[in-house]
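The values are calculated or read from the model by the stated rules, or taken from the named source; none is laboratory data. Since we're looking at a predicted model, the values are computed, not measured. A quick note on method: Cβ atoms are made from the backbone with ideal geometry, for glycine too, and the neighbour counts reach across all protein chains shown.
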Amino acid sequence: MGVAIGTLLVFFASQVGTPGPANMTLMATGARWGLRAALPFVGGVVLGKQLIIWPIGFGLMTLATSVPWLFAALKWISAAYILWLAYKVANLRLGQGGETGPAPGFAAGLVVHPLNPKAWAMITAGFTGFVDPGTPALTATAVLAGCLLGLQLLLHPVWTYAGERIARTVAGTPAERTLMWTLAALTVLSVAWALFGGG
């Protein structure tokens with residue numbers, strides 16, 4: 001009984017570190033407001049995944065067999081929310097410190113992962129693929145939660161800072177609109193992959 005921590009970390013790193021709805025949102029937020037202003041949002045995104053891990057670890061997914069329509073509805077509602085974020089990203093204009101309002105805060109970040117189909121799929125795959133049968137739920141959930149928390153604390157700020165650095169190069173240039181539409185398109189593609197490609 002136990003958790004295959006080494007391979008689990010590789011799997012989670014491949015998911016947390018690659019483009020997805022959350023990372024595209026983080027990059028766009030960093031591009032618009034800069035890493036420092038976006039840190040509360042980043043913190044919310046990091047901790048928001050814990051709101052998924054613990055319920056799944058203690059049996060939430062068993063409801064999928066008894067109430068399948070509920071999970072199907074949640075999947076599409078989640079996708080719609082992320083696509084709305086993509087629309088917002090496409091219409092953002094860069095330039096930290098502008099007069100269009102403050103950066104999104106902790107609460108806004110907290111809901112990103114619970115409404116992210118890629119996050120649900122990744123965590124479910126973590127439990128089904130890397131946890132030995134018979135492992136106590138508390139042990140398995142704590143290990144997965146700790147691994148994800150550490151990786152997110154490392155990688156989510158990197159995506160946000162990458163957005164800030166890119167913004168310094170393209171803000172106010174013709175490439176600015178192209179960048180924001182590209183980020184939005186990548187967000188849409190990541191949602192499509194999560195929904196239809198097994199993301």
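In segment 125-150, how many are among the β-branched types (Val, Ile, Thr) and either under 12 Å from Leu8 (Cα atoms) or free of Cβ contacts under 8 Å to residues at least 40 places away in the same chain (or both)? Before the answer, list the steps.
Going residue by residue through segment 125-150, those that are among the β-branched types (Val, Ile, Thr) are 128, 131, 135, 139, 141, 143.
The next check asks that each one be either under 12 Å from Leu8 (Cα atoms) or free of Cβ contacts under 8 Å to residues at least 40 places away in the same chain (or both); those that pass are 128, 131, 143.
Within segment 125-150, residues that are among the β-branched types (Val, Ile, Thr) and either under 12 Å from Leu8 (Cα atoms) or free of Cβ contacts under 8 Å to residues at least 40 places away in the same chain (or both) number 3.
Could you please give the count of residues in segment 112-141 that are over 15 Å from Met24 (Cα atoms) and either of a type outside the set (A, V, I, L, M) or not in a helix (DSSP H, G or I) (or both)?
Result for segment 112-141: 16.
Scan segment 81-128 for residues that are modelled with pLDDT under 70, surrounded by fewer than 16 Cβ atoms within 10 Å (Cβ to Cβ) and of a type in the set (Gly, Ala, Ser) and jot them down.
Residues satisfying the conditions are Gly97, Gly98.
Here's the yes/no breakdown for (1) over 17 Å from Val112 (Cα atoms); (2) touching a residue at least 40 places away in the same chain (Cβ under 8 Å); (3) within 14 Å of the chain's Cα centre (by Cα):
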position	(1), (2), (3)
Leu155	no, yes, yes
Trp159	no, yes, yes
Glu164	yes, yes, no
Thr169	yes, no, no
Pro174	yes, no, no
Val188	no, yes, yes
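Can you name the residue in segment 129-170 that is among the charged types (D, E, K, R) and surrounded by fewer than 16 Cβ atoms within 10 Å (Cβ to Cβ) and is also farthest from Val16 (Cα to Cα) among such residues?
So the residue we want is Arg168.
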